[in-house]
1. Which residue, P197, P235, I161, has the largest displacement toward the positive end of the dipole of the range 133-289 when charges sit on each Cβ (Lys, Arg +1; Asp, Glu -1)?
2. Work out the length of the dipole vector of the chain about its Cα centre, built from +1 on the beta-carbon of each Lys and Arg and -1 on the beta-carbon of each Asp and Glu, and round it to the nearest 20 debye.
3. Need the list of lysines near K118 for cross-linking: C-alpha distance under 18 angstrom, and skip anything on the same chain fewer than eight residues off.
4. Mind giving me the FRET efficiency for Y203 and S314? R0 is 41 Å, r the Cβ-Cβ distance, nearest 0.05 is fine.
5. Hey, with R₀ at 45 Å, roughly what FRET efficiency would S26 and V196 work out to, going by the Cβ-Cβ distance, to 0.05?
6. Dipole magnitude of the range 289-336 about its Cα centre, charges +1 at Lys/Arg Cβ and -1 at Asp/Glu Cβ only, in debye to the nearest 20?
7. Can you put L31, L85 in order, fewest other beta carbons within 10 Å first?
8. Helix 295-305 versus the longest principal axis of the chain: what is the Cα-based angle in degrees, 0 to 90, to the nearest 10?
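All of the numbers you see were taken from the coordinates with simple rules; none came from a lab. The shown structure was predicted, so the numbers you read here are calculated from the model rather than taken from an experiment. Every residue, glycine as well, gets a Cβ built from its backbone with ideal geometry; the counts of neighbours run over all protein chains shown.
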Amino acid sequence: MPLRLAMLGMWHTHADGIVRQVAEHSEEFTLVGFFDREPEVLARRVKQWEPQLGKLRLFDTPEALLKEPLDGVVVEGRVHDNIALARLALAHGKPVLLEKPAGDNFAGFRRLIQQARKKRLHVQMIYLFRYMSAVQEMLYRVRKGELGRIYHYRARLPKDITLYKEYVDELGRYGGGMFFEMAGHVIDMMIAMLGVPTRIMPYMAHHHRQGPKDFVDNGVAIFEYPNAWASIEVPALEIATMSRRIEVFGTDGAMVIPHMGSGHLKNKNIQPIELFRRGQDEWQTLNLEAQTLQIRDLREFAAVVAGKKRPDFSAEHDLSVQEALLRASGMWPTKC
């Protein structure tokens, strides 16, 4: 029997990928119903998703939807609304698949995790790069110790300048702007490899000639570790293609993902990763078969909810990611 899911909030860009995977794997998952408080979002999503799913069941309130027979809830609304929707799902006894970032203040997310622990319910963050082939390969080799002691981690996640006005409209309310929107993806990987940083130094700026001067469109953060540095860059000013990357350097080797692709748009069938190990003369390129994104997130959620495995990423990890993201975005303290 397919896992029965509800979707609370339909606004987020990544929601379309979840719907696409549910539609393509109807033997595993089904979306029982949908809720969003914004009529324009509902209208747009109905037009977009009904060709894939058939007629959508829309509910006037989240409470009405949560009374349906459900195995879990996907929360895909606006970032500042998502924690409240997730807490409502937990109150109705439903595990939650929560879109990133985990709200816009730490206190709300911490209360959500406390509520989940008390009710013994699973909360899983959707950080789409977690299950990319190249990311999985990098995590595996780092955890195995193949690169020795990591002394530098660098990540870059730029956004296309042609969508700049859209970024301002959607993200202008958040102090960290574009950095807050994107950096969590690679902070997630950084903490998986290096743990919690001892110090975070944010450098958030507005460098476009246009737009409100308080909108962060070019952010850099430096993370200090006892034996390493990490740096993360998120500009919203990019014109170059194929420029999202992660680099990891250690005392016995190095790995580079030269292009991360996109979490929710079409990606190439082959994803390269570059590897250098002590004793080699040249870098080696591994061409990995690309994973279909978001289906792995759904399957991880289903397996954990069914009690078949422990989560790949713990609640403690997700709390550390959210705190580091807020500090790096210049949004700390924020009702913490």
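1. P197
2. Details: 45 positive and 41 negative charges, 167 e Å.
In total the dipole reaches around 800 debye.
3. Qualifying lysines at Cα under 18 Å: K94.
4. Values: r = 30 Å, r/R0 = 0.72.
Here the calculated transfer efficiency is 0.85.
5. On the way: r = 40 Å, r/R0 = 0.89.
Between S26 and V196 the formula returns 0.65.
6. Numbers: 7 positive and 7 negative charges, 28 e Å.
Here the size comes out at about 140 debye.
7. Values: L31 21, L85 24.
With the sparsest Cβ surroundings first, the list reads L31, L85.
8. On a 0 to 90 degree scale, this one is about 70.
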